[in-house]
Amino acid sequence: MTPAARRKRFIGAHTINNGGVHMAIRRAARGGMTAVQVFTAVPKYYNDKMSVRPERAQRFRKEVAASKIDLKMILVHAPYVLSVATPEPEKWARASAGLTKELERSSDLGAGSVCFHPGSAGDDTPANAAKRIATAITTALHAVKSDTRLLVENTAGAGRTMGRTAAEVGEILSHVPKSLRARTGYGLDTCHLFCSGYDIRRSRAAFKSILDEFEEATGEPPSFFHLNDSAGELGSNRDRHVLIGEGEIGKDPFEWLLADARSAGIPLVLETPQQNYDVADDDDSPDPYDVRMMKLLSSL
């Protein structure tokens, strides 16, 4: 990536993939996006045996080339059910296999990175759960040799979920072997930050100090941001995304984020609601809500 690209803000959304994952790229391009998030498979399943057919990967890469979206700015969201923090051996094994398979699919597509929710520690300690998460990361990185990175996403903190604090994210990554650390990292979701107790709306200085805390705990800045307002109150642990400016967070923190150097050169992805989830397979028009959010962010 050139020095100019490292200073640039790459903004986009998790676009609808009706008609195939390549259509998600086409809709993002039509919306003027320079980053995009996609699913490679239905996110409510483990997909631990599902691969990407060569023709599907070729179609996807062709669409990316036409869109001029940099592959490094394509973020894949892993299935929600991959709880690699679980202490239950059979569930952990399947979740770990699903994470490895997701990294394989995303690598076949050429995506820059994969993000995933670590899952719940269950009735075990957070310290042990952190080690299990790191083991799943390490297993996937050993199994799949590619430039696609595997990134932990912070969580809203419901129940015993891992990744709600900077310390937990840092502990997870600390157990990944140094030889593999460059291929992993983390990203931050603004709704999750707020709902897990980080008051990112208090002031610009407070927002900066929160990012500083994560950077100090992990030894590196975030590798992506999810841009979401929150229906839930501060510390509510309710992961409910709403359009920016229509929730408890408000617009100011997003302006502060875009002015912070740590938002440059990485995917900045909206996960806000869509107006039309049932878009026709051959309709490549961007979602009206995404268009509205892109205009808002460009005005900050």
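From the list T125, T86, pick out the single residue that is in contact with a strand residue (DSSP E or B) (Cβ under 7 Å, 6 or more places away or on another chain), of a type in the set (V, I, T) and over 26 Å from P221 (Cβ atoms).
Details: T125 fails: in contact with a strand residue (DSSP E or B) (Cβ under 7 Å, 6 or more places away or on another chain).
One residue alone meets the criteria, T86.
Do the conditions hold for A140, that is, is it modelled with pLDDT of 95 or more, in contact with a strand residue (DSSP E or B) (Cβ under 9 Å, 6 or more places away or on another chain) and surrounded by 24 or more Cβ atoms within 10 Å (Cβ to Cβ)? I'd like the intermediate steps shown before the answer.
Working: modelled with pLDDT of 95 or more: yes; in contact with a strand residue (DSSP E or B) (Cβ under 9 Å, 6 or more places away or on another chain): yes; surrounded by 24 or more Cβ atoms within 10 Å (Cβ to Cβ): yes.
Answer is yes for this residue.
What are the residues in the range 188-209 that are assigned to a helix (DSSP H, G or I), in contact (Cβ under 8 Å) with a residue 40 or more places away in the chain and not charged (D, E, K, R), if any? Quick ask: steps written out before the conclusion?
Filtering the range 188-209 for residues assigned to a helix (DSSP H, G or I) gives 190-195, 204-209.
Remaining after also requiring in contact (Cβ under 8 Å) with a residue 40 or more places away in the chain: 190-192, 194-195, 204, 207-208.
T190, C191, H192, F194, C195, F207, listed by residue number.
From the set of residues in the range 105-114 that are within 17 Å of the chain's Cα centre (by Cα) and not small (G, A, S), which is farthest from H192 (Cα to Cα)?
So the first thing to find is which residues in the range 105-114 are within 17 Å of the chain's Cα centre (by Cα), and the list is 105-107, 109-114.
Narrowing the set further to residues that are not small (G, A, S) leaves 105, 109, 114.
Working: R105: 26, L109: 28, V114: 18 Å.
Per the stated criteria, the residue is L109.
Of the conditions (1) surrounded by fewer than 23 Cβ atoms within 10 Å (Cβ to Cβ); (2) within 30 Å of I249 (Cβ to Cβ); (3) touching a Ser or Thr at 6+ places or on another chain (Cβ under 7 Å); (4) not small (G, A, S), P126 fails just one. Which one is it?
Answer for P126: the failing condition is (3).
For A166, are the conditions met, namely being over 14 Å from F224 (Cβ atoms), surrounded by 24 or more Cβ atoms within 10 Å (Cβ to Cβ) and in contact with a Ser or Thr (Cβ under 9 Å, 6 or more places away or on another chain)?
Details: over 14 Å from F224 (Cβ atoms): yes; surrounded by 24 or more Cβ atoms within 10 Å (Cβ to Cβ): no; in contact with a Ser or Thr (Cβ under 9 Å, 6 or more places away or on another chain): yes.
Answer is no for this residue.
In the range 198-251, what residues are within 20 Å of the chain's Cα centre (by Cα), among the hydroxyl-bearing types (S, T, Y) and closer than 16 Å to R164 by Cα?
Correct list: Y198, T218, S230.
Among the residues of the range 124-158, write down those that are under 20 Å from the mean Cα position of the chain (by Cα), assigned to a loop (DSSP other than H, G, I, E, B) and more than 22 Å from D189 (Cβ to Cβ).
V144, S146, D147
Does F254 satisfy the condition of being closer than 20 Å to R9 by Cβ, among the aromatic types (F, W, Y) and either under 20 Å from the mean Cα position of the chain (by Cα) or modelled with pLDDT of 95 or more (or both)? If you could, list the steps in order and put the result at the bottom.
Working: closer than 20 Å to R9 by Cβ: yes; among the aromatic types (F, W, Y): yes; either under 20 Å from the mean Cα position of the chain (by Cα) or modelled with pLDDT of 95 or more (or both): yes.
Spelling it out, F254 is indeed closer than 20 Å to R9 by Cβ, among the aromatic types (F, W, Y) and either under 20 Å from the mean Cα position of the chain (by Cα) or modelled with pLDDT of 95 or more (or both).
Within the bounds of the range 110-117, is there any residue that is within 22 Å of T184 (Cα to Cα) and aliphatic (A, V, I, L, M)?
Here is the first cut: in the range 110-117, the residues within 22 Å of T184 (Cα to Cα) are 110-117.
Now drop any that are not aliphatic (A, V, I, L, M), which leaves 111, 114.
Yes - at least one qualifying residue is present in the range 110-117.
Please find, among T40, T86, the residue that is hydroxyl-bearing (S, T, Y) and closer than 18 Å to D147 by Cβ. Give the steps one after another, and end with the answer.
Numbers: T86 fails: closer than 18 Å to D147 by Cβ.
Of the residues listed, the single one that is hydroxyl-bearing (S, T, Y) and closer than 18 Å to D147 by Cβ is T40.
Could you please tell me which pairs satisfy a Cβ distance under 9 Å, a separation of 6+ or placement on different chains, a first residue in the range 264-290 that is closer than 24 Å to E153 by Cα, and a second residue that is among the small types (G, A, S) and part of a loop (DSSP other than H, G, I, E, B)?
I266/S223; P267/G112; P267/S223; D290/G31
Counting residues that are crowded, with 23+ Cβ neighbours inside 10 Å, on the phi < 0 side of the Ramachandran plot and among the hydrophobic types (A, V, I, L, M, F, W, C), which helices (runs of 4 or more DSSP H) fully inside the range 1-116 reach at least 1? Give the derivation first.
Values: elements: 3-7, 21-30, 54-67, 89-109.
Once the helices (runs of 4 or more DSSP H) in the range 1-116 are filtered for at least 1 residues that are crowded, with 23+ Cβ neighbours inside 10 Å, on the phi < 0 side of the Ramachandran plot and among the hydrophobic types (A, V, I, L, M, F, W, C), what remains is 21-30, 54-67, 89-109.
Given the options H175, H117, name the one that is within 20 Å of the chain's Cα centre (by Cα) and not small (G, A, S).
Of H175, H117, the one residue that is within 20 Å of the chain's Cα centre (by Cα) and not small (G, A, S) is H117.
Hey, among the residues in the range 36-60 that are among the hydrophobic types (A, V, I, L, M, F, W, C) and either touching a helix residue (DSSP H, G or I) at 6+ places or on another chain (Cβ under 8 Å) or without any contact (Cβ under 8 Å) to a residue 12 or more places away in the chain (or both), which one's farthest from R26 (Cα to Cα)?
Step one: of the range 36-60, the residues among the hydrophobic types (A, V, I, L, M, F, W, C) are 36, 38-39, 41-42, 50, 52, 57, 60.
Next cut, either touching a helix residue (DSSP H, G or I) at 6+ places or on another chain (Cβ under 8 Å) or without any contact (Cβ under 8 Å) to a residue 12 or more places away in the chain (or both) only: 36, 38-39, 41, 50, 52, 57, 60.
On the way: V36: 10, V38: 12, F39: 14, A41: 18, M50: 24, V52: 19, A57: 15, F60: 10 Å.
Selected residue: M50.
The values are calculated or read from the model by the stated rules, or taken from the named source; none is laboratory data. Note that the coordinates shown come from a computational prediction; the quantities given were computed from them, not determined experimentally. In this analysis, Cβ positions are derived from the backbone assuming ideal geometry, glycine residues included, and neighbour counts consider all displayed protein chains.
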